[in-house]
1. Over the Cα atoms of the chain, what is the Rg over Rh ratio if Rh follows Kirkwood?
2. Charges at C-beta only: +1 for Lys and Arg, -1 for Asp and Glu. How large is the resulting dipole of the stretch 1-147 about its Cα centre, in Debye rounded to 20?
3. Please compute, over every Cα-Cα pair in the stretch 49-103, the percentage with a separation greater than 15 angstrom.
4. For the stretch 96-168, compute Rg over Rh where Rg is the Cα radius of gyration and Rh is the Kirkwood radius from the inverse mean 1/r over Cα pairs.
5. Taking θ = phi - 60°, what integer Hz values does the Karplus form 6.51 cos²θ - 1.76 cosθ + 1.60 yield along the stretch 89-99, in sequence order, with x for Gly and Pro?
6. Can you give the Rg to Rh ratio of the stretch 1-65, both from alpha-carbon atoms, with Rh computed by the Kirkwood formula?
7. Within 14 Å, Cβ to Cβ, of Leu86, how many net charges do the neighbouring residues add up to if Lys/Arg are +1 and Asp/Glu are -1?
8. Which whole-number value in Å² is the accessible area per residue of the chain, probe 1.4 Å?
Amino acid sequence: SGLSVAPTCSDCHGSHDIRGKDDPASKVFRNTIPATCSSCHEGIGREYSESVHGAQVAQGSPLAPVCTNCHTAHEIRRSDVEGWRLDVIKECGTCHGDYVDTYRDTFHGQVTALGYARMATCASCHGAHDVLPASNPASPVSPENRLKTCQKCHAGASANFASFDPHANKHDR
(Lines give C-alpha, C1' and ligand atoms only; values in the text may rest on other atoms or scores of the structure.)
Protein backbone atom coordinates (compact mmCIF):
# COMPACT_ATOMS: atom_id res chain seq x y z
CA SER A 1 0.00 0.00 0.00
CA GLY A 2 2.95 2.32 -0.55
CA LEU A 3 4.24 2.19 3.02
CA SER A 4 8.00 2.57 3.20
CA VAL A 5 8.09 0.09 6.09
CA ALA A 6 6.25 -2.60 4.15
CA PRO A 7 8.41 -5.62 3.40
CA THR A 8 9.70 -6.37 -0.06
CA CYS A 9 10.35 -9.82 -1.53
CA SER A 10 14.00 -9.79 -0.47
CA ASP A 11 13.12 -9.06 3.17
CA CYS A 12 11.60 -12.52 3.50
CA HIS A 13 13.19 -14.52 0.70
CA GLY A 14 16.70 -13.04 0.73
CA SER A 15 18.45 -11.28 -2.09
CA HIS A 16 21.13 -13.57 -3.51
CA ASP A 17 20.84 -16.95 -1.82
CA ILE A 18 17.14 -17.55 -2.48
CA ARG A 19 16.07 -21.10 -1.66
CA GLY A 20 12.81 -22.99 -1.88
CA LYS A 21 10.47 -23.20 1.08
CA ASP A 22 11.29 -26.91 1.52
CA ASP A 23 15.01 -26.22 2.00
CA PRO A 24 15.90 -26.01 5.74
CA ALA A 25 18.45 -23.27 4.89
CA SER A 26 15.73 -21.09 3.32
CA LYS A 27 14.50 -17.96 5.09
CA VAL A 28 10.96 -19.15 4.31
CA PHE A 29 11.40 -22.75 5.47
CA ARG A 30 8.55 -23.43 7.87
CA ASN A 31 10.63 -23.63 11.05
CA THR A 32 12.78 -20.60 10.15
CA ILE A 33 9.81 -18.32 9.45
CA PRO A 34 9.66 -17.04 13.06
CA ALA A 35 13.29 -15.90 12.82
CA THR A 36 12.65 -14.29 9.43
CA CYS A 37 9.61 -12.39 10.71
CA SER A 38 11.44 -11.46 13.93
CA SER A 39 14.03 -9.57 11.92
CA CYS A 40 11.37 -6.82 11.65
CA HIS A 41 9.00 -7.79 14.48
CA GLU A 42 11.51 -8.23 17.29
CA GLY A 43 9.18 -7.79 20.26
CA ILE A 44 6.58 -10.18 18.92
CA GLY A 45 9.37 -12.59 18.00
CA ARG A 46 10.58 -12.64 21.62
CA GLU A 47 7.03 -13.30 22.87
CA TYR A 48 6.56 -16.08 20.35
CA SER A 49 9.91 -17.74 21.08
CA GLU A 50 8.96 -17.99 24.77
CA SER A 51 5.50 -19.39 23.97
CA VAL A 52 4.48 -23.03 23.88
CA HIS A 53 4.33 -22.83 20.08
CA GLY A 54 7.77 -21.23 19.78
CA ALA A 55 9.25 -23.91 22.05
CA GLN A 56 7.72 -26.62 19.86
CA VAL A 57 9.19 -25.06 16.70
CA ALA A 58 12.61 -24.78 18.40
CA GLN A 59 12.38 -28.52 19.07
CA GLY A 60 11.73 -29.09 15.36
CA SER A 61 7.97 -29.67 15.44
CA PRO A 62 6.47 -29.63 11.95
CA LEU A 63 3.01 -29.04 13.43
CA ALA A 64 3.36 -26.06 15.77
CA PRO A 65 1.98 -22.88 14.22
CA VAL A 66 4.39 -20.29 12.84
CA CYS A 67 3.69 -16.70 11.79
CA THR A 68 2.31 -17.62 8.37
CA ASN A 69 -0.27 -19.99 9.82
CA CYS A 70 -2.25 -17.09 11.20
CA HIS A 71 -1.04 -14.17 9.10
CA THR A 72 -0.35 -15.95 5.76
CA ALA A 73 2.66 -15.08 3.66
CA HIS A 74 1.47 -12.80 0.87
CA GLU A 75 -1.99 -11.68 1.95
CA ILE A 76 -1.16 -10.37 5.41
CA ARG A 77 -4.23 -8.79 6.98
CA ARG A 78 -4.39 -6.51 9.96
CA SER A 79 -5.20 -8.43 13.13
CA ASP A 80 -7.74 -5.83 14.25
CA VAL A 81 -9.98 -6.51 11.23
CA GLU A 82 -13.15 -8.40 12.18
CA GLY A 83 -12.77 -11.03 9.45
CA TRP A 84 -9.26 -11.89 10.59
CA ARG A 85 -10.32 -12.19 14.24
CA LEU A 86 -13.03 -14.66 13.24
CA ASP A 87 -10.89 -16.62 10.78
CA VAL A 88 -8.07 -17.17 13.27
CA ILE A 89 -10.42 -19.27 15.43
CA LYS A 90 -10.45 -21.84 12.62
CA GLU A 91 -6.65 -21.81 12.55
CA CYS A 92 -6.49 -22.66 16.26
CA GLY A 93 -8.98 -25.42 15.53
CA THR A 94 -6.63 -27.16 13.11
CA CYS A 95 -4.74 -28.52 16.13
CA HIS A 96 -7.18 -27.83 18.95
CA GLY A 97 -10.40 -28.97 17.27
CA ASP A 98 -11.94 -30.44 20.40
CA TYR A 99 -11.46 -27.13 22.22
CA VAL A 100 -12.90 -25.11 19.34
CA ASP A 101 -15.90 -27.43 19.31
CA THR A 102 -16.59 -26.80 22.98
CA TYR A 103 -15.87 -23.07 22.51
CA ARG A 104 -18.59 -23.10 19.82
CA ASP A 105 -20.98 -24.48 22.47
CA THR A 106 -20.54 -21.32 24.57
CA PHE A 107 -22.19 -17.93 24.18
CA HIS A 108 -18.93 -16.43 22.86
CA GLY A 109 -18.52 -19.23 20.33
CA GLN A 110 -22.10 -19.07 19.10
CA VAL A 111 -21.97 -15.31 18.61
CA THR A 112 -18.63 -15.43 16.75
CA ALA A 113 -20.09 -18.17 14.54
CA LEU A 114 -22.75 -15.64 13.57
CA GLY A 115 -19.98 -13.26 12.47
CA TYR A 116 -19.66 -10.92 15.43
CA ALA A 117 -16.02 -10.29 16.26
CA ARG A 118 -16.53 -8.29 19.45
CA MET A 119 -16.75 -11.52 21.43
CA ALA A 120 -13.92 -13.31 23.17
CA THR A 121 -11.90 -15.45 20.77
CA CYS A 122 -9.05 -17.86 21.48
CA ALA A 123 -6.47 -15.04 21.65
CA SER A 124 -8.67 -12.96 23.97
CA CYS A 125 -8.10 -15.46 26.76
CA HIS A 126 -5.02 -17.45 25.77
CA GLY A 127 -2.93 -14.69 24.17
CA ALA A 128 -1.77 -14.40 20.59
CA HIS A 129 1.99 -14.68 20.20
CA ASP A 130 2.67 -15.51 23.84
CA VAL A 131 0.47 -18.60 24.34
CA LEU A 132 1.51 -20.49 27.45
CA PRO A 133 0.08 -23.62 29.05
CA ALA A 134 -2.47 -23.00 31.81
CA SER A 135 -0.03 -24.62 34.25
CA ASN A 136 2.43 -21.75 33.69
CA PRO A 137 1.80 -18.98 36.28
CA ALA A 138 2.45 -16.37 33.56
CA SER A 139 -0.39 -17.71 31.36
CA PRO A 140 -3.49 -15.50 31.21
CA VAL A 141 -5.61 -18.62 31.87
CA SER A 142 -3.54 -19.87 34.81
CA PRO A 143 -5.42 -20.00 38.13
CA GLU A 144 -3.37 -16.97 39.24
CA ASN A 145 -4.42 -14.81 36.25
CA ARG A 146 -7.77 -16.15 35.11
CA LEU A 147 -9.91 -13.62 37.02
CA LYS A 148 -7.83 -10.71 35.70
CA THR A 149 -8.18 -12.11 32.17
CA CYS A 150 -11.97 -12.34 32.49
CA GLN A 151 -12.09 -8.82 33.93
CA LYS A 152 -10.58 -7.40 30.72
CA CYS A 153 -14.06 -7.75 29.20
CA HIS A 154 -16.22 -8.38 32.28
CA ALA A 155 -15.17 -5.62 34.69
CA GLY A 156 -17.35 -6.85 37.56
CA ALA A 157 -16.40 -10.51 37.23
CA SER A 158 -15.92 -12.38 40.49
CA ALA A 159 -13.83 -15.41 41.33
CA ASN A 160 -16.99 -17.50 40.94
CA PHE A 161 -17.50 -16.07 37.42
CA ALA A 162 -13.91 -16.92 36.50
CA SER A 163 -14.35 -20.49 37.73
CA PHE A 164 -16.59 -21.25 34.74
CA ASP A 165 -14.83 -23.65 32.37
CA PRO A 166 -15.48 -22.42 28.81
CA HIS A 167 -14.19 -25.70 27.38
CA ALA A 168 -16.37 -28.60 28.42
CA ASN A 169 -13.93 -31.20 27.05
CA LYS A 170 -13.39 -32.64 30.51
CA HIS A 171 -17.11 -32.88 31.17
CA ASP A 172 -20.09 -34.68 29.73
CA ARG A 173 -21.37 -32.36 27.02
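The values are calculated or read from the model by the stated rules, or taken from the named source; none is laboratory data. Keep in mind that this is a model prediction, so the values were computed, not measured. Note: ideal-geometry Cβ built from the backbone for every residue, glycine included; neighbour counts use all protein chains shown. What goes into the accessible areas is simple: the full protein's heavy atoms, side chains included, and nothing from ligands, DNA or RNA. Shrake-Rupley method; radii C 1.70, N 1.55, O 1.52, S 1.80 Å.
1. 1.01
2. I would put it at about 140 debye.
3. Percentage above 15 Å: 56.
4. Rg/Rh: 0.94.
5. 4, 4, 5, 4, x, 5, 10, 10, x, 5, 6
6. With Rg and the Kirkwood Rh in hand, the quotient comes to 1.00.
7. +2
8. Heavy-atom SASA per residue in the chain reads 67 Å².
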